[in-house]
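*Asks:* Structure in structure tokens, see below.
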Amino acid sequence: MTEDEIGILFVGDVVGGIGKRTLLKLLPTLRDRLEPAFVVVNAENAAGGLGITPRIADELFAAGVDVITLGNHTYRHREIYPYLDAHERILRPANFLRSQPGHGWCVVAHDGVRLGVVSLSGNLFMNAGRPAFAEVDAVLHAMKGDVDHVLVDMHAEATSEKVGMGWHLDGRVTAVLGTHTHVPTADARILPGGTAYITDVGMTGPRGGVIGVKRELAIESMVTKMPVKFETSTEDPWINAVLIRTDGALRARSIEQVLEPAPGVV
């Protein structure tokens, strides 16, 4: 394996137990077919639709996931706080406050190829403590010379902020991949400087709901404008992911969407 020809599989937001089971069911087949060198998963909704727990993180790592990224629901479960500090390969957004548990980037290696992974949160309509653009510049400076490729998970609400981040990092990272809105977008492409980009990878979970929630509960909330306790749907689970093929250090050759149902998962 060389940095000229590796594959990186990135899996969009894992939602609830159904999303986790979908990932675990399909990952072995995807590994055989796509032969990625690295697997990175956003799992910030894996615990009942909100946050992640140490048990779930351990399950994902045991299944061969290299890095877990998170987002705005990082701190939903208090038991994850010490886990975030203790484990290098689970990331909360780098532009959270430095006083908050966890860290925002790491470097993993396989067969001599080094992949840096950066988790970021958008600032528009989000609650990140520090600016994403300045933070990613600082992280890339810290990584300089220690990585062959860099993948950035831009977990953001505003499409403009994600697109802007893609252009800001074009030619400086291998991929900028948007997460958070749970709906895969149709703009996967290689930017002029060689960076793979997509505004949102999508959601690994129940497509039969409303971005992961049982549709009748989501609709009730929208219609009545009253508080409704949401539950994760289990209907029509899919995996939403992208496969990046590289073309030299910090350059992508292609980005391919992986959108597949998981029949038999309940």
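The values are calculated or read from the model by the stated rules, or taken from the named source; none is laboratory data. Not measured: the values here are computed from a predicted model. With ideal geometry, Cβ positions are generated from the backbone for all residues, glycine too; neighbour counts draw on all protein chains shown. The protein model used for the area step is the full one, side chains on, heavy atoms only, and it has no ligands, DNA or RNA in it. Shrake-Rupley method; radii C 1.70, N 1.55, O 1.52, S 1.80 Å.
*Asks:* Across 10 Å bins from the origin, how do the percents of Cα pairs in the chain run, short distances first?
*Replies:* 8, 33, 39, 18, 3, 0
*Asks:* Sort out for me the Cα centre separation of region 130-204 from region 55-119, rounded to whole Å.
*Replies:* Rounded to whole Å, the Cα centres lie 17 Å apart.
*Asks:* So what is the 222 nm mean residue ellipticity for the chain from helices alone, if each DSSP H run of at least 4 adds -39500 (n - 2.57) and you divide by all residues, rounding to the nearest 500 deg cm²/dmol?
*Replies:* That comes out to -8000 deg cm²/dmol.
*Asks:* Straight-line reach only, C-alpha to C-alpha below 21 angstrom: list the lysines that LYS214 could link to, leaving out same-chain residues fewer than 8 apart.
*Replies:* Here the lysines satisfying the reach criterion relative to LYS214 are LYS20, LYS225, LYS229.
*Asks:* If the only charges are +1 at each Lys and Arg Cβ and -1 at each Asp and Glu Cβ, what is the size of the charge dipole of region 1-41 around the Cα centre, to the nearest 20 debye?
*Replies:* 440 debye
*Asks:* Here's something else I'd like to know. Rounded to the nearest 10 Å², what accessible area does MET222 have for a 1.4 Å probe in the complete protein model?
*Replies:* So the heavy atoms of MET222 present about 110 Å² to solvent.
*Asks:* Which stretch or stretches of region 107-129 have amide N atoms under 15 Å from the point lying 7 Å from LEU97's Cα along the Cα→Cβ direction?
*Replies:* Answer for region 107-129: 127-129.
*Asks:* Take GLU35, project a point 7 Å from its Cα along the Cβ direction, then tell me which residues of region 240-259 have their backbone nitrogen under 15 Å from it.
*Replies:* Those under the cut-off are 244-246.
*Asks:* Given H placed on each backbone N at 1.01 Å, which residues far from ARG89 in sequence or on other chains put an amide H within less than 5 Å of it?
*Replies:* So ARG89 has HN proximity to no qualifying residue.
*Asks:* Could you name the lysines in cross-link range of LYS162, using Cα to Cα under 24 Å and dropping any fewer than eight places away on the same chain?
*Replies:* Counting by Cα, and skipping residues close in sequence, LYS162 has these lysines nearby: LYS144.
*Asks:* Give the shape of region 1-60 as rounded, prolate or oblate, defined through the alpha-carbon gyration tensor: a ≥ b ≥ c are the square roots of its eigenvalues, a/c under 1.5 means rounded, and otherwise the shape is prolate if a/b is larger than b/c and oblate if not.
*Replies:* prolate
*Asks:* When a/c reaches 1.5 or more, the comparison of a/b and b/c decides; with that in mind, is region 95-177 rounded, prolate or oblate per its Cα gyration tensor?
*Replies:* Since a/c reaches 1.5 but b/c is at least a/b, the shape of region 95-177 is classed as oblate.
*Asks:* Using a 7 Å offset from Cα along Cα-Cβ at ASP236, what residues in region 198-212 end up with backbone N under 11 Å from the label point?
*Replies:* Zone members listed by number: 206-211.
*Asks:* Using θ = phi - 60° and the Karplus form 6.51 cos²θ - 1.76 cosθ + 1.60, what ³J(HN,Hα) does each residue of region 249-266 get, whole Hz, x for Gly and Pro?
*Replies:* These are the phi-based 3J(HN,Hα) values: 4, 6, 10, 10, 8, 7, 9, 10, 6, 10, 10, 9, x, 10, x, x, 8, 9 Hz.
*Asks:* HIS168 to GLU216: extension gain in nm, 0.36 nm per residue of separation minus the Cα-Cα distance?
*Replies:* Here the answer is 13.3 nm.
*Asks:* Let me check something: with ligands and nucleic acids excluded, how do SER254, SER119 order by accessible area (1.4 Å probe), largest to smallest?
*Replies:* Result of the area sort, largest leading: SER254, SER119.
*Asks:* Determine the order of LYS25, LYS144 by accessible area, beginning with the largest, at a probe radius of 1.4 Å.
*Replies:* LYS144, LYS25
*Asks:* Does region 23-152 come out rounded, prolate or oblate, given a ≥ b ≥ c as the square roots of the eigenvalues of its C-alpha gyration tensor, rounded meaning a/c under 1.5 and, failing that, prolate meaning a/b above b/c?
*Replies:* In terms of gyration-tensor shape, oblate.
*Asks:* Can you list the HN-Hα couplings for region 96-108, worked out from phi with the Karplus curve (6.51, -1.76, 1.60; θ = phi - 60°), rounded to whole Hz and with x for Gly and Pro?
*Replies:* 5, 5, 5, 6, 7, x, x, 8, x, 7, 7, 10, 10
*Asks:* Considering only protein heavy atoms, what is the solvent-accessible area of ARG89 at a probe of 1.4 Å, reported in Å² to the nearest 10?
*Replies:* Spelled out: ARG89, probe radius 1.4 Å, area about 90 Å².
*Asks:* Same structure, new question: Please check: in the Gaussian network model of the chain (C-alpha springs, under 10 Å), which one of VAL228, VAL39, VAL163 has the largest mean-square fluctuation.
*Replies:* So, out of VAL228, VAL39, VAL163, the one fluctuating most is VAL228.
*Asks:* Starting from region 197-239, pick out the trypsin sites (Lys or Arg not before Pro) whose DSSP state is loop and whose Cβ has at most 13 other Cβ atoms within 10 Å.
*Replies:* Sparse-neighbourhood loop trypsin sites (Lys or Arg not before Pro): LYS225, LYS229.
*Asks:* Give me the accessible area of TRP105, 1.4 Å probe, in Å² rounded to the nearest 10.
*Replies:* Rounded to the nearest 10, that gives 90 Å².
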